[in-house]
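Structure record follows, encoded as structure tokens.
The values are calculated or read from the model by the stated rules, or taken from the named source; none is laboratory data. Nothing here was measured: the structure is a model prediction, and the numbers come from that model. Here the Cβ is made from the backbone with ideal geometry for all residues, glycine too, and neighbour counts use every protein chain on show.
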Amino acid sequence: MRKKSRVTVSGRVISFSDGFAEVKPELPEKCSGCGGCSTSGRSPLSIKTGLELSEGDRVTLSVECGILLRAAFYMYFFPAMLAMAGFYGGYLIGGDGGGFAGASLFLVFGYILIRKTALKKHRRPVRIELKETI
């Protein structure tokens, strides 16, 4: 059986209540902080966990690479393809205005479809592990 690869990042818990931890990702030691990745510490992540955490705890967050690729497909590629299909169909029916309306309609429909179906499959895609407590 092949082990699934995971993307991991360390962080600190900045608040914890009702089973949700607000975790601020930390920059890796070798990172110069260019801001090109999601671990640049711009905003905390809200993660549901069964662990009892407290403010200041160091944790490790990890997610399977396949889930990240699937999320990127659903959030970027799929809506773009729907918008192009909507534009083409609308353009055939009503010219430029119809194309714009068709693209907009298909784009909104795509995001509604994603919210209703694809995002419901993985309730807890992020695994959180306690590194050290304060």
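For region 1-40, filtered to residues that are surrounded by 10 or more Cβ atoms within 10 Å (Cβ to Cβ) and aliphatic (A, V, I, L, M), the residue that is modelled with the lowest pLDDT is LEU27. When TYR74 is tested against (1) modelled with pLDDT of 85 or more; (2) in a helix (DSSP H, G or I); (3) surrounded by 12 or more Cβ atoms within 10 Å (Cβ to Cβ), exactly one condition is not met: (1). Annotation note: Cβ proximity below 6 Å between a residue of region 13-27 that is without any contact (Cβ under 8 Å) to a residue 40 or more places away in the chain and a residue that is of a type in the set (Ser, Thr, Tyr) (sequence gap 6+ or interchain) occurs for PHE20/SER46; GLU22/SER15; GLU22/SER46; PRO25/THR39; GLU26/SER10.
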